[in-house]
Structures are given as structure tokens and as C-alpha cells.
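See below for the structure under consideration.
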Amino acid sequence: MASATRDRAVDLTRAACLVVVVGLHVMMAGITVETDGLAISNSLDGHPIFAWSTWVVQVMPLFFVMGGFSSLLAWRRQRDRGVMASAYVRDRVARLARPALLPLALVGITLAILALVGLPDAVLTEVGFRIGQPLWFLAVYLGCAGLVPFMARLHERAPWLTLFGMLAGVMVVDTVSLLTAQPLIGALNLLFVWVFIQQLGFCLADGWFDWRRRWLLLVAGIGAFGVLLFLTTIVGYSTDMYDNLNPPTAAILVLGVGQVLLFAWMRPWLSRLAERETFAGLSDAINRNAMQIYLWHVPVIVILAVVLVISGAPFPEPLSEEWWQSRPPFLIAVALLLIPIVMGVAWIERRGERVVPAPVGPWLAALKVLLGIAGVVTILIGGFTPAYSAAIGVTLMLLAVLLRSPRRRAVDARSDQPVAATPSALTDPAASASGSAPERSAPSQKP
């Protein structure tokens with residue numbers, strides 16, 4: 001079994017994936033000022049090479065692999081200390097949902113105020129849609145994190161059967177979705193595809209890809225991309241991996257297989273690179289604040305765009321020469337605005353270190369996961385306008401974080417023994433969610 005020590009190559013890769021996601025969203029931010037007002041679109045739509053470039057820049061499968069790797073090791077460490085699965089899930093929900101409450105509430109309130117002062121509904125709806133788009137990740141990651149103890153048990157008892165079961169589910173969903181032309185059926189692959197990819201991270205953690213002849217990993221990785229080429233050119237899957245993301249398809253699954261194989265091939269080199277002081281420091285900083293970076297970067301892009309509009313700055317036509325020249329300074333501006341926001345939010349998170357996590361049973365832990373997912377989905381479907389949609393979504397997520405058993409609350413109130421706090425549950429959501437940082441939960445909590 002793999003060691004439970006920190007893996008620098010995994011940390012570096014996860015941090016690099018997040019940087020790619022933020023950079024790509026900056027590139028996609030097509031902002032123009034028209035007669036009707038501010039218009040926001042995906043500026044890379046229609047670019048002749050964008051679809052093929054997604055084979056490189058679509059890093060979400062690799063991110064989920066890294067998350068699966070670290071989550072399995074984190075769960076095993078806690079389980080070995082007597083931690084229960086229900087409290088492990090409770091902590092994961094807190095670490096993922098709690099950081100989302102502030103940005104989502106602020107966005108909802110801000111858009112509601114702008115609606116009252118007369119900003120056109122069409123602009124508000126578009127802005128809310130663009131800000132809410134990346135939230136799919138939070139919903140899916142909540143579900144995958146909540147399943148870690150159960151899927152880890154299946155992995156340890158029947159790893160191949162588990163993988164092939166997930167693969168069979170993906171193929172059935174894709175086939176039925178294609179035959180019936182019902183996109184809602186394809187949404188079932190939000191479970192099968194991403195859980196399969198998380199299981200690949202479990203396999204990576206257990207040394208499945210530690211092949212003696214590393215060149216075989218390179219050959220196998222290239223072979224996976226060959227399968228992806230077959231799926232996109234012969235079978236009929238889209239060559240754009242972002243089209244294959246919503247809903248996820250077998251093409252995303254194959255992309256994840258190729259990425260984990262190539263990562264395993266590059267891992268010794270990545271480990272040496274990650275040990276360098278500069279890369280180690282950047283990797284630690286990004287992973288420590290990963291959830292805040294992911295949640296705040298799109299609102300920051302929108303804020304910056306609004307500031308530019310108010311200041312009368314010109315907006316070049318997307319994909320024009322002037323537009324390409326404007327991307328580097330725009331990216332730098334986003335980073336400079338994002339850094340103090342993330343630092344401030346991290347300070348607020350640290351202020352909550354002494355909050356005592358509420359004991360939960362297995363059914364309540366499952367309810368917390370479902371409430372968190374329901375809150376995100378409510379915002380994804382209903383948007384931030386009208387305001388009540390965002391209010392319902394944030395309320396559901398707040399319940400996911402705070403809900404606890406009345407019976408257990410009464411028992412805790414009568415107890416003379418203090419319950420140890422879990423600082424990492426509140427102050428390090430990014431690293432804790434992926435499991436790479438050492439867990440600091442007190443054994444007496446029995447999560």
C-alpha cells in the first residue's frame with residue numbers, strides 16, 4: 001500500500017491544474033460593450049484550434065484523479081485513528097460548502113441591488129450565469145467526497161469490479177442518451193464518470209501505476225489518446241472536451257485515463273521539480289487556498305470588467321489582434337485583485353478555527369451531502385436572478401454545514417468533557433478537500 005506521506009508531485013499537479021482553470025476562464029471572458037449595454041460571451045467559441053486545444057487544457061479529470069489520490073490516503077489515516085465515516089463526510093461538506101457561502105451570498109445581494117437600480121435583466125441574468133457556471137464542480141466534488149468511505153471500501157474489496165461497473169454505467173448512459181436524445185439521462189454520468197476518475201486516483205495511491213518500465217506508461221498514455229481520437233472521429237463524440245464535460249461522457253473518462261498514465265510517467269521528474277523551494281512554496285500557497293481561488297476568480301473577472309466599463313476603457317473584439325494583446329495584462333490584473341481577496345477570506349476562515357464540529361450519524365451525514373448538492377444545483381438551474389433562487393441555494397448550503405442531530409446536541413450539552421475543535425475543517429478547505437495536508441482532527445471526535 002502507498003505511503004500516507006505528502007506527495008509533492010500530486011500537490012504540484014493539483015496547483016497547476018487550478019492555475020490552468022483560472023487562466024482559461026480569463027481567456028474565455030469575452031466582454032463587449034454594445035448599444036444595449038455590457039455583453040458577456042465565451043470568446044473562444046468558434047476559434048479554429050480551440051476544440052483540439054481542449055485535449056491539453058481540459059484538466060478537470062486530472063484534478064479529480066489527484067483529489068482521489070489524496071482523499072483515499074486522508075480517509076485511511078483518519079480511519080486508522082478510529083474516525084467514523086459519518087464525521088469524515090461531515091468535515092468534507094464543511095470544507096467544501098462553507099467557503100462558498102460568502103461569495104455566493106455577496107453575488108446574490110449585489111445582483112439584487114443592481115436590479116433595483118435599474119440594470120437590465122438580460123445583463124444581470126448573463127452575469128449571474130457566467131458566475132454560476134463553475135459551480136458544477138462544487139456539486140460534483142461534494143458528491144464524490146461524500147462517497148469516499150464507501151468507494152474506498154469497494155476499491156479495497158473488489159477494485160476491478162468497481163472500475164468496470166462504473167465504466168459499464170458510463171457506456172449505458174451514453175448509449176441511452178444518444179438513442180433518446182434526452183440530456184437529463186446523460187446527467188447520470190455526473191456520478192459514473194467522476195466517481196470512475198476518482199477511483200483512478202485510488203489506484204494511483206495504491207501504486208497501480210508504479211510500473212518498472214516507465215516507457216510503457218508513455219505508450220499506454222498515447223494509446224488512451226488514440227482511443228479518444230477514435231471516439232471523436234469515428235464514433236461521433238465531440239472533439240471539444242468542454243462539450244464532453246456537460247454532461248460528462250466516455251470521452252472525458254478516456255481523457256482521464258490518458259492523463260493519469262502520463263502523470264505516472266512524468267511523476268519522478270515532477271517530484272524533483274516540486275522539491276525546489278520556489279515551486280514548493282507556490283504549490284503550498286495555491287493548494288492551501290484552492291477553494292477560495294476557485295470560488296472567487298470568476299466574480300473577480302466580472303468585477304474587473306465592470307470597473308473597466310465604468311472607467312470607459314476600450315473592449316477589443318474577441319479574438320482580434322488587440323484582444324490577444326490585452327489578455328496578459330488582464331490576467332495580471334485578475335491575479336492582483338484575486339490575491340488580497342483570497343488572503344482576506346483566508347483570514348476570516350482562520351477566525352473560525354475554534355468552532356466545534358457537530359457530531360453526526362450516517363444518515364445525517366448523507367443528508368448534509370444532499371443538501372449541499374441541492375443548494376448548488378438550485379443556483380445552477382435558477383441562477384442569481386431572481387434573488388430568491390440564490391437565497392434558497394445559499395440557505396440549503398448553510399443547512400448542509402450547520403445541521404446536527406438534536407439528540408446528539410442534547411448529549412453534548414450534558415457532557416462535562418469538552419469536544420476538541422478541528423482547525424483544518426475550517427481553515428484549510430482546499431488541502432483538506434483533496435486530503436494532501438496532514439489531518440489534525442482529534443481522535444476523540446470519532447468522525
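Tell me whether segment 310-321 contains one or more residues that are in a loop (DSSP other than H, G, I, E, B) and either more than 24 Å from VAL127 (Cβ to Cβ) or of a type in the set (Lys, Arg) (or both).
Looking only at segment 310-321, we keep the residues that are in a loop (DSSP other than H, G, I, E, B), and these are 311-320.
Those left that are additionally either more than 24 Å from VAL127 (Cβ to Cβ) or of a type in the set (Lys, Arg) (or both): none.
Looking for residues that are in a loop (DSSP other than H, G, I, E, B) and either more than 24 Å from VAL127 (Cβ to Cβ) or of a type in the set (Lys, Arg) (or both), one finds none in segment 310-321, hence no.
Just one of the numbered conditions (1) over 17 Å from PRO61 (Cα atoms); (2) touching a residue at least 24 places away in the same chain (Cβ under 8 Å); (3) not basic (Lys, Arg) is not true of TRP269: (2). Any idea which residue in segment 104-118 is nearest to VAL300 (Cα to Cα), counting only those that are aliphatic (A, V, I, L, M) and crowded, with 16+ Cβ neighbours inside 10 Å? This residue is VAL107. Collect the residues in segment 254-294 that are of a type in the set (A, V, I, L, M), closer than 30 Å to ASN244 by Cα and crowded, with 18+ Cβ neighbours inside 10 Å, keeping them in residue-number order. Those that are of a type in the set (A, V, I, L, M), closer than 30 Å to ASN244 by Cα and crowded, with 18+ Cβ neighbours inside 10 Å: VAL254, LEU255, VAL257, VAL260, LEU261, LEU262, ALA264, LEU270, ILE286, ALA290, MET291, ILE293. Filtered by the rule that a residue be more than 20 Å from MET166 (Cβ to Cβ) and either exposed (fewer than 14 other Cβ atoms within 10 Å of the Cβ) or hydrophobic (A, V, I, L, M, F, W, C) (or both), segment 200-220 gives GLY207, ASP210, TRP211, ARG212, ARG213, TRP215, LEU216, LEU217, LEU218, VAL219.
Going through ARG350, ARG327 one at a time, which residue ends up being more than 19 Å from the chain's Cα centre (by Cα), under 20 Å from ALA290 (Cα atoms), assigned to a helix (DSSP H, G or I) and touching a residue at least 60 places away in the same chain (Cβ under 8 Å)?
Numbers: ARG327 fails: under 20 Å from ALA290 (Cα atoms).
When all the criteria are applied, what remains is ARG350.
Just to verify a result, which residue in segment 17-61, among those that are closer than 14 Å to ASP240 by Cβ and small (Gly, Ala, Ser), is modelled with the highest pLDDT? Ranking the qualifying residues of segment 17-61, first place goes to SER53. Here's a check for you: in segment 62-105, which residue that is closer than 30 Å to GLY258 by Cα and β-branched (Val, Ile, Thr) is modelled with the highest pLDDT? Residue satisfying both the conditions and the ranking: VAL65. Screening PHE137, PHE129, PHE63 for residues that are within 27 Å of LEU371 (Cβ to Cβ) and surrounded by 24 or more Cβ atoms within 10 Å (Cβ to Cβ) leaves exactly one candidate, PHE63. Could you check, for segment 273-285, whether at least one of its residues is in contact (Cβ under 8 Å) with a residue 60 or more places away in the chain, in contact with a Phe, Trp or Tyr (Cβ under 8 Å, 6 or more places away or on another chain), among the hydroxyl-bearing types (Ser, Thr, Tyr) and in a helix (DSSP H, G or I)? No: segment 273-285 contains no residue that is in contact (Cβ under 8 Å) with a residue 60 or more places away in the chain, in contact with a Phe, Trp or Tyr (Cβ under 8 Å, 6 or more places away or on another chain), among the hydroxyl-bearing types (Ser, Thr, Tyr) and in a helix (DSSP H, G or I).
The values are calculated or read from the model by the stated rules, or taken from the named source; none is laboratory data. Treat the numbers as computed from the prediction; the structure is a model and nothing was measured. Note that we place each Cβ from the backbone using ideal geometry, even for glycine, and neighbour counts take in every protein chain shown.
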